[in-house]
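Asker: Supplied in structure tokens, the structure appears directly below.
The numbers here are math on the coordinates, done by the rules we state, and not lab data. Since this is a predicted model, take the numbers as computed values, not measurements. Glycine gets a Cβ as well: all are built from the backbone with ideal geometry, and neighbour counts include every protein chain shown.
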Amino acid sequence: MRLFVGLEIPETVKSHLAMLMSGVGGARWQSAEQMHITLRFIGEVGQSRLPDINSALGRIRVPAFQLQLRGVDIFGEVNKPRSLWTGVEPAAPIQHLRDKVEQALVRTGLPGETRKFKPHLTLARFGREKPRRLADYLTGHNDFATVTFPVTEFVLFESLLGHTGSTYVPLERYALEGEG
């Protein structure tokens, strides 16, 4: 099983994000079903590990919070980007939740994450083809912002790889405390 922990995005926010998904040649845009914020990529694990992972994540106690997606940027260089993304604000509550998820997963015996956490939602990925009009896109959308939305749960997903991209299947949902 290929697993990750993330946040689902409300449909109203996905509709707003859909308006961003054009204008860059060579971009492979994410579908609405693929839109999420990854808290922690777990990777390939045997199904026998699932009960421990589920139990550890189920013990996390974090208050619900509000988020907003804001701005656009890339990972990589403008001439050779890997992905196009929108940022997450405020960063503190999502960082706190991510830290709790990381601690819980490490307690199950999974290796710790070595990459620095940068909360974001991937809008598009790039292959070998040089993107067209990316600099104009970044300039034209730097003031992008969604409405603020509540985060009341996080999700353990299975990622199924296919010919048309990844499909993300929610396996378990974990409620946060309070209203958000």
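Asker: Lys100: which lysines have alpha carbons under 19 Å from its alpha carbon, excluding same-chain residues fewer than 8 sequence positions away?
Answerer: Lys116, Lys118
Asker: Could you tell me, in Å, what Rg and Dmax come out for the Cα atoms of segment 1-98?
Answerer: Expressed in Å, the Cα Rg and Dmax of segment 1-98 come to 15.9, 44.
Asker: Using modelled amide H (1.01 Å from N, peptide plane; none on Pro or chain starts), what sits under 5 Å from the amide H of Leu3, excluding residues fewer than 5 places away?
Answerer: Under 5 Å from the amide H of Leu3: Ile42, Gly43, Glu44, Val45, Ser159.
Asker: Applying the Karplus parametrisation 6.51 cos²θ - 1.76 cosθ + 1.60 with θ = phi - 60° to the phi angles of segment 115-124, what ³J(HN,Hα) value in whole Hz is obtained for each residue in order, glycine and proline being reported as x?
Answerer: Going residue by residue, I get 7, 5, 7, 10, x, 6, 10, 6, 9, 8 Hz, with x marking Gly and Pro.
Asker: Under 18 Å between alpha carbons, and skipping anything fewer than 8 positions from Lys130 in its own chain: which aspartates and glutamates qualify?
Answerer: List returned: Asp73, Glu77.
Asker: About the Cα centre of the chain, what is the dipole size in debye to 20, counting +1 per Lys and Arg Cβ and -1 per Asp and Glu Cβ, all else neutral?
Answerer: It works out to roughly 600 debye.
Asker: I would also like to ask the following. Hey, what number do you get for the chain at 222 nm if only DSSP H runs of n ≥ 4 count, each worth -39500 (n - 2.57), divided across all residues, to the nearest 500?
Answerer: Only helices count here, giving -6500 deg cm²/dmol.
Asker: In addition: Distances over 22 Å make up what percent of all Cα-Cα pairs in the chain?
Answerer: So the pairs more than 22 Å apart make up 47 percent of the total in the chain.
Asker: Moving to a separate point now. Work out how much length Arg70 to Ala145 would gain on full extension: take 0.36 nm times their residue separation and subtract the Cα-Cα distance, in nm to one decimal.
Answerer: Result: 26.6 nm gained on full extension.
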